[in-house]
Structure formats: structure tokens, C-alpha cells
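First comes the structure, then the notes that go with it.
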Amino acid sequence: MGLMDRIRGEFIDIVEWTDDGRDTIVWRFPRYGNEIKMGARLVVRESQVAVFVNEGRLADVYQPGTYTLSTQNMPVLSTLKGWKHGFESPFKAEVYFVTTRQFTDFKWGTQNPVILRDAEFGMVRVRAFGTFAAQVVDAAALLRELVGTDPQFRTEEVGEHLRQLIVSKLGSALGGSGVPLLDLAARQDGIGQQLAKALTLELSATGIAIPRFYIENISVPPEVEAAIDTRSRMAITGNLDDYAKLQAADAIPLAAANPGTGGDALGLGVGMALGQRIVQSTSGAAAAVPPPLPTAPRWFIAVGGQQQGPYDESALAGQVAAGNLTRTTLVWCSGQAAWQPADQVPELTSLLADVPPPLPPQG
């Protein structure tokens, strides 16, 4: 400050702040030598609080209202100062005005995708963006933890910290919500409320709360969008047969648009396939051909070091009755990687239910 600022400070007896911007959270009242006259008027407007700091130590916090700075209105600071020089002498203290209104212009977004585990689509990468509001609920904690001696603390100084914190909490909030991927859009409000509570709890030590949190959009990779579109079309058509007809119908214009490059043959093939499906669908249930009957498995057993078989299940029952098939007998069937003891093959459990295990060694 220059000489004129110092002289002007001797006559100023009103301590106040009229916020001329929309991004200032904390503003320090400028005063030459930090001297404030006893009896000065302190004006704290709505959505503000005033914090007095004496020699680096937080002294008093004033809520909205008009105060005359005297020993009656400054109990903590009066005790700290001791008023060695009389009640009419100036005292040295810093006055910080803290805005307590909501700052609603914060934006957030995921620079990198968040990986979620979805029951229907498996591992899915999602991106999201939106807005949120921040509000100072504890001015003293804010000065201690974030502001320090900054004469003008703006939203941009805390905005990046808040955005990083949001991204770190977003994955656990989405994954822990238990909401399927297809239902996320309908549940955005509820997830936003959960995130607001979690962020407020995380920021409680700094005196900042997140009263509002909005998720404006949640997006997935193109391949997941394509899968969602395919399922939607299948749901519209009703069943797989109708979906195949739809696919064939979609292919006809594509084939016609590519003559001379296999498009004619493709179009003919698609047309024939479509015709066959139409005939099948209009010929009634009598034209439906059932699939072939399943074949019974064929089993081989090892008796006396020799391979015997193949046997079906009824023949195996006879081998059990004859004592050739026991729990320890090696068996093999198509699909097995190697011979196994019969009691380790789940398909033979019912056959061996009445077969006793081997006798324990006789001591």
C-alpha cells in the first residue's frame, strides 16, 4: 500500500465486502498493517461469514449481521490481545470474508473410462459427465486446511481437487449401486444423491459440502451400443426366427446396391432363404421337423487289465451286479480325457449307490 492507502485506512471504520464476482470463495479485507480501530463497524451480509485471525491464530467467527467491534462483541480476540494499549487503540488482526452460498457452476467428467462389472454384459467401460454444487459449511476448517494466507481464494483453486475426488468415487458408486447397465440412465438421480453424500463426508475436514450432484450422461463404447441395439431389435421382432427374417430383409437392398461384385448372387441367396422361411412360417406346425433323438453314451471298463465294452447304462448295471464294475474300476466314455475310477464319474453315481467302498486294510 502507498501513503494515501495508509492515510485512508486511518479514517475507514467500516469493515465489509460486497462481492463483485461469482467465483470468489474467500476474500481478505485489505488494511494497512492489518490495523482495525476499536469501535469500527463490521458488516457481514447474508451468505457470508467473517473470520478474524490474530497473529496466525483463528480468533472469532461472525455470522451475518452488523457488529461494533468492542470487547463485548470480540470475546476471544479480546482475550488473546489483552488490550495492553487501552480500549481505544487499534488492534492488529486479519479479517477474512467467506462466501457460504452454493457455487453451482462446477463441471466434472471422466477423462478415462471407468470399468464396471455388469451381470448382463460383463466387463464394460463407461464414461460420464455432469455438474455439481459446492458450499462452505465450516469457514474455520476451510481457512485451516485449504486457504492459508491466500488473500483471494477462488473456485478454480479448489475445482480440480474436487473433480479428481469425484472421478475416484464414481467407479465405486456405480459398481456398488447394483444397478444393471441398461437401467443406469433411469437411476442417475439416485446415484447422484449417493455420490453427493459420499463426497460431503470425504470433504468434511476441509469445511466443504457437496449439496447437489448431477449426472447428465453415461455413455458406453460403440460395440456395447451395437449390442444394446441388437437386443432391442430382437425384442421388437419377438423371436429368433423373426429376427433372422429381418436380417435377410435388410440384406436384400444391400445386395441390390452392389451388382457385379457378388451382390446378385448374394441377393438371390438371401431371397431364396427368405422365401424358404416364409414358406416354413406359413405351412403350419405340421411342417416342423423334430431334431434327431439323442444317442446314449457308450462306456468301456477295465477288468483284469483288459478293456471290455462298449456298454450302455443298462449293461453297466449288469456289470455292477456281476462284480466286474466297482467303485475303483477304471472307466472311459467319449468326451473323457483319460480313464478314471468309477466313483469319480458323476454319471455313474446312481449305479454305484449300493456298492460298498473297499474294505480298510486289515491290521
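The values are calculated or read from the model by the stated rules, or taken from the named source; none is laboratory data. What you see is a predicted model, and the numbers here were worked out from it, not measured in a lab. All Cβ positions, glycine included, derive from the backbone under ideal geometry; neighbour counts span all protein chains shown. Surface accessibility is based on the protein's heavy atoms, side chains included, excluding ligands, DNA and RNA. Shrake-Rupley method; radii C 1.70, N 1.55, O 1.52, S 1.80 Å.
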Practice task
Round to the nearest 10 and report in Å² the accessible area of ASP105, as given by a 1.4 Å probe over the protein chains' heavy atoms.
Solution key: 100
Fill in the blank from the handout: By the C-alpha gyration tensor axes a ≥ b ≥ c (rounded if a/c is under 1.5, else prolate when a/b exceeds b/c, else oblate), the shape of the range 322-363 is prolate
Problem - Long-range HN-HN contacts of ARG298 with modeled amide H, under 5 Å - result: SER334
Handout entry: Heavy-atom accessible area ranking, 1.4 Å probe, most first, across LYS169, LYS92
Key = LYS92, LYS169
Handout entry: Shape of the range 192-237, Cα gyration tensor, a/c cut at 1.5
Key = prolate
Completion exercise
Note: THR349 to ASP105 extended length (0.36 nm per residue) minus current alpha-carbon separation gives 81.0 nm
Completion exercise
Per the rule of 0.36 nm per residue minus the C-alpha distance, extending ASP183 to ILE14 adds in nm 55.2 nm
Completion exercise
Expressed in nanometres to one decimal, the distance between label points 7 Å along Cα→Cβ at ASP312 and PHE121 is 4.9
Completion exercise
Per-residue accessible area, 1.4 Å probe, largest first, puts TRP339, TRP27, TRP299 in the order TRP339, TRP27, TRP299
Completion exercise
1/(1 + (r/R0)^6) with r = Cβ-Cβ of ARG45 and THR230, R0 = 41 Å, i.e. FRET efficiency to nearest 0.05, evaluates to 0.10
Exercise for the section: Could you sort 93-101, 107-115 so that the peptide with the highest average Cβ count within 10 Å comes first and the rest follow in order? Expected result: 93-101, 107-115
Fill in the blank from the handout: Per the rule of 0.36 nm per residue minus the C-alpha distance, extending SER172 to ASP23 adds in nm 50.6 nm
Handout entry: THR18 accessible area, 1.4 Å probe, all protein chains in place, Å² to nearest 10
Key = 90
